[in-house]
Structure formats: structure tokens, C-alpha cells
1. Using label points projected 7 Å from each Cα along Cα→Cβ, tell me how many nm separate E58 and E124, to one decimal.
2. Run down the aspartates and glutamates and flag those whose C-alpha is under 16 Å from the C-alpha of K68, throwing out any fewer than 8 positions away in its chain.
3. Where a ≥ b ≥ c are the square roots of the eigenvalues of the C-alpha gyration tensor, would you call the chain rounded, which needs a/c under 1.5, or, failing that, prolate if a/b is larger than b/c, or oblate?
4. Measure up K2/K37; K2/K146; K2/K160; K24/K109; K50/K115 against 26 Å on the Cα-Cα distance and list the ones that go over.
5. Mind telling me which of P140, P102, P73 comes out most flexible in a GNM of the chain, alpha-carbon contacts under 10 Å?
6. Rounded to the nearest 5, what is the percent of antiparallel bridges among the DSSP beta bridges in the chain?
Amino acid sequence: MKSIIIYFSRTGQNYVNKEIRDLKVGNTDIAAHLLQKQTGSDLFELKPVKPYSNDYRECVKEAVADMKSGARPELAAYPENMEEYDTVYLAYPNYCGTMPMPMFTFLEKYDFTGKTIWPLCTNEGSGMGKSEADLRDICPGAVIKKGLSVHGAEAAEAGKDIEEWLNQKGE
């Protein structure tokens, strides 16, 4: 069985513990690398051709506009040979109560029938939102496992939570 971690993360200004902070490494990037360390999975970061603003408030406006319009931002690159992977870990921040639109762009490009998807969502208290339901809608032939909500401000300390989540894989 071969696995891959597909993640979308953001640097720059982020909402962290009720304040705006400038992040050199995004919370989801940190969580995705912790996940890779534990699984040995291949790793691929989704990057839109036109990145969201580094300014937090402007980024929120852009993300809301994308969501409302159903935008599918063009990605700079896609992982090769997706058909080789049985297990796909998705790591993303909660944008507008679901996944960021670049994640939708990626998911709609491939057929995930027969694959197992494990969602991990970083957030500052909004949990998984409706991302798991959205995954079921976008990937009807995939098995969508129970997701892991990671408090973004504590992403660097999420190793134990990720380990416990991975240990439930057989359920």
C-alpha cells in the first residue's frame, strides 16, 4: 500500500490564539510534516498559481469570495501518478467552514474511487467544519475516514494526537 499526504498551508499573517501573527511556516505545513514523520508517506504541497494575500484580513476576503463564487483556483502543479496511491491524507486549514478552494481544485481533478482518505484540518476552534461532508460529496467512491481536528496554534505539539488518530485506522 502506498500513501501520500496532500496539503495546503499558508504562511504570512494568520489568526493564532485570538491574535494576528506572522508565520514563517504555516500550521498545516507543520502538521503535515509530523504526519509524514509518522507514516513515511510521500508529501505534496498544493500551491495556487495566484497565492492568497499575506495580509490576514485580505486573505479572508479572497477566501470568502472564492467560496461564494465556487472558484477553483488554478494550481501551480499536481502530484504525479495519483493512481499509485491507496491512501490519501489531506491536510488543510479550515477556510470558511470547509477546505480551502485549492483543495477542491485538486480533489475534482482525480477519481478517488477505491481510495481511503484521511482528513486533517488545522483551525483555531472551528474544527473540521463541513469538510468531511464535502469530501463525501466530491469523492463518492472513496472511503472517507473520521478526520482529525488540530488546533493550529498547537500544531507543533500535535504529534501525540496524530499518533492516536493513526492508531485508529483499523476502525
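1. Distance between the two pseudo-spin positions: 1.8 nm.
2. Hits, sequence-local ones excluded: E58, D134.
3. Because a/c hits 1.5 or more and a/b fails to exceed b/c, the chain counts as oblate.
4. K24/K109; K50/K115
5. Fluctuation is largest for P140.
6. 25 percent
FYI, it's all coordinate maths here, none of it is from the lab. Keep in mind that this is a model prediction, so the values were computed, not measured. Virtual Cβ from ideal backbone geometry, glycine too; neighbours counted across all protein chains shown.
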